[in-house]
1. Using a simple charge model, +1 on the beta-carbon of Lys and Arg, -1 on the beta-carbon of Asp and Glu, nothing else, what dipole does the chain show about its Cα centre, in debye to the nearest 20?
2. In degrees between 0 and 90, to the nearest 10, how far off the longest principal axis of the chain does helix 70-88 point, with axes built from Cα atoms?
3. Keeping all protein chains in place, calculate the accessible area per residue for the chain (probe 1.4 angstrom), answer in Å².
4. Cα-Cα over 28 Å: which of Lys49/Lys113; Lys23/Lys68; Lys63/Lys121; Lys63/Lys113?
5. Any idea what the relative contact order of the chain is, in percent, if you count C-alpha pairs under 8 Å spaced at least 6 apart?
6. What does the extension gain come out to for Tyr91 and Gln46, with contour length at 0.36 nm per residue minus their alpha carbon separation?
7. Tell me, what are the semi-axes, in whole angstrom and largest first, of the equivalent ellipsoid of the chain as set by the roots of 5 times the Cα gyration tensor eigenvalues?
8. Measure up Lys26/Lys78; Lys26/Lys114; Lys26/Lys115 against 25 Å on the Cα-Cα distance and list the ones that go over.
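The values are calculated or read from the model by the stated rules, or taken from the named source; none is laboratory data. On a predicted model such as this, the values are computed, not experimentally measured, just so you know. Neighbour counts run over all protein chains shown; Cβ positions are idealised from the backbone, glycine included. Calculation scope for accessible area: heavy atoms of the full protein, side chains included, ligands and nucleic acids excluded. Shrake-Rupley method; radii C 1.70, N 1.55, O 1.52, S 1.80 Å.
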Amino acid sequence: SGTRSSSSPPSAACMWWAVVLHKINKVRAAKEYLLEDLNNSPTIKQIAKHVALNEHNLKTGFKEIYGKTIHSFLKDYKMTKARELILLREYQIAEIADQLGYTNVSHFIDAFKKKFGITPKKFELSLP
């Protein structure tokens, strides 16, 4: 007596941890889904539906795990990707903007300059 049999129910702490891990996995799946097609990014509503989380839990969980909002994370990711694509020297600036889902090249240029302090063209021209 006093010992737990292997058939006793899990503790509340154990169940809480399982719920937390489940939410973390769903948020990670949301990030993967978000980045699947940069040319046609899903809405928060679409992401939430895809990973079966409500929008509030998706947004708060995403910020807890990645340290920024979904929108901010996506924008930073796209700008990093843009920089990588410019370094490849295989695409024109307008093609890169299009690949990353910018329908207006000037919006892409503005976002790039805000992130890196230089326009994409000037960055490209500065490469050795």
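1. Working: 20 positive and 12 negative charges, 90 e Å.
The calculated dipole for the chain is roughly 440 debye.
2. The angle comes out at about 50 degrees.
3. Numbers: 8710 Å² over 128 residues.
So the chain comes to 68 Å² accessible per residue, rounded to a whole number.
4. Numbers: Lys49/Lys113 34 Å; Lys23/Lys68 17 Å; Lys63/Lys121 32 Å; Lys63/Lys113 24 Å.
Exceeds cut-off: Lys49/Lys113; Lys63/Lys121.
5. On the way: 83 pairs, mean separation 24.0, N = 128.
Over the chain, the number comes to 19 percent.
6. Numbers: separation 45, 0.36 × 45 = 16.20 nm, distance 3.02 nm.
Computed gain between Tyr91 and Gln46 is 13.2 nm.
7. Numbers: eigenvalues 366, 42, 27 Å².
Listed largest to smallest, the semi-axes of the chain are 43, 15, 12 Å.
8. Details: Lys26/Lys78 22 Å; Lys26/Lys114 31 Å; Lys26/Lys115 29 Å.
Beyond 25 Å: Lys26/Lys114; Lys26/Lys115.
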